Amino acid sequence: MRLAISGTYSSGKTFTTIALAHLTGIPRSAAKTMRELLPISVPGKTLEECSAAEILMLITRRNTERAVNESHLGDTFISDGSSLHEWVYGTVRVLAGINPNDSIDLDSVERTDAIRFFEEVIDALGVPAKQHAAASYDAFVHLPIEFPLVADGHRPVNERFRRLADEKLQREIAGLGIPNVSIGGSIPERLQAITDHYDLPRAITIEEAVARAQVDYDLLDVRDEKERELAHVLT
């Protein structure tokens, strides 16, 4: 089974996917995170500081890597996110502005020529994003918004943006006609429900899978670019 784990910012998608891979023994597919792509793509900038062109570059770069990684795993993998994710975030930026933190009131977002062009490009990117998802995933699990939004410089700290993205993701997944289910709860509850729903194997206990995932997750570099730059200067 090619299973995609869906969810917007701070839904616990990455931790859940890592733990599920440990639990089932099924390989995890993931592209580099924005926190990993930012320093090699737009050094010194946070995601909030990126221009429309830079955001499009990051979307393209991440989805290219995602497709390459999936191609090496054949017909059995667990995907951290999907080809829909970056595209959906881009579409919501048309409504919320390039930096959503500047646009708490969506009615105040100015529809500039740049935003209109950005919308045209994002709409076009949606064609291959949806085609890839339809061809590459057998099923989806959507994780609802249950955890606080983490303000780490790699994601917008606008709760309204997050909810718009979550709603858009669910609509697009449903529109593909691919089997999907929404599963919430604690990490152990999610793992129990996902493996039960899709009849996935369990190679270890849920408790051990969560413990191993925590070790892996703690190794992720979650600093924003300002913190990285300061650390580099101090060393």
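Here are the numbers for this structure:
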{"read-out": "Sole residue being surrounded by 13 or more Cβ atoms within 10 Å (Cβ to Cβ), of a type in the set (Lys, Arg), more than 15 Å from the chain's Cα centre (by Cα) and closer than 16 Å to Lys13 by Cα, chosen from Arg160, Arg212", "value": "Arg212"}
{"read-out": "Pairs where the first residue, in segment 191-219, is under 20 Å from Thr76 (Cβ atoms) and modelled with pLDDT of 95 or more and the second is in a helix (DSSP H, G or I) and open to solvent by 40 Å² or more (accessible area, probe 1.4 Å), C-beta under 6 Å, 6+ apart", "value": "Ala209/His22; Arg212/His22; Ala213/His22"}
{"read-out": "Of all residues making up segment 36-61, the number that are touching a residue at least 24 places away in the same chain (Cβ under 8 Å) and under 22 Å from Ile122 (Cβ atoms)", "value": "16"}
{"read-out": "Scope segment 23-72; condition open to solvent by 50 Å² or more (accessible area, probe 1.4 Å), closer than 23 Å to Thr195 by Cα and more than 16 Å from the chain's Cα centre (by Cα); matching residues", "value": "Gly25, Pro27"}
{"read-out": "Selection count where residues are under 19 Å from Tyr137 (Cβ atoms), part of a loop (DSSP other than H, G, I, E, B) and hydrophobic (A, V, I, L, M, F, W, C), scope segment 19-56", "value": "3"}
{"read-out": "When residues of segment 176-190 are limited to those that are in a helix (DSSP H, G or I) and either touching a helix residue (DSSP H, G or I) at 6+ places or on another chain (Cβ under 6 Å) or modelled with pLDDT under 95 (or both), the one least open to solvent (accessible area, probe 1.4 Å)", "value": "Arg190"}
{"read-out": "Which listed residue, of Thr16, Thr8, is crowded, with 22+ Cβ neighbours inside 10 Å, within 20 Å of Gly126 (Cβ to Cβ), hydroxyl-bearing (Ser, Thr, Tyr) and within 17 Å of the chain's Cα centre (by Cα)", "value": "Thr8"}
{"read-out": "In segment 103-146, residue modelled with the lowest pLDDT [restricted to those that are open to solvent by less than 70 Å² (accessible area, probe 1.4 Å) and in a loop (DSSP other than H, G, I, E, B)]", "value": "Ser103"}
{"read-out": "First in segment 62-88 and of a type in the set (Val, Ile, Thr), second anywhere and surrounded by 22 or more Cβ atoms within 10 Å (Cβ to Cβ) and in a helix (DSSP H, G or I), Cβ under 7 Å, 6 or more apart", "value": "Ile78/Thr17; Ile78/Leu20; Ile78/Ala21; Val88/Ala165; Val88/Leu169"}
{"read-out": "Residue list for segment 64-78, restricted to those being outside any loop (DSSP other than H, G, I, E, B), of a type outside the set (Ser, Thr, Tyr), over 19 Å from Leu125 (Cα atoms) and out of contact with any Lys or Arg (no Cβ under 8 Å at 6 or more places or on another chain)", "value": "Asn69"}
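The values are calculated or read from the model by the stated rules, or taken from the named source; none is laboratory data. Just so we're clear, the structure is a prediction, and the values are computed from it rather than from any experiment. Because the Cβ atoms are built from the backbone with ideal geometry, glycine has one as well, and the counts that use them run over all protein chains shown. The area values use the complete protein model at the heavy-atom level, side chains included, leaving out ligands, DNA and RNA. Shrake-Rupley method; radii C 1.70, N 1.55, O 1.52, S 1.80 Å.
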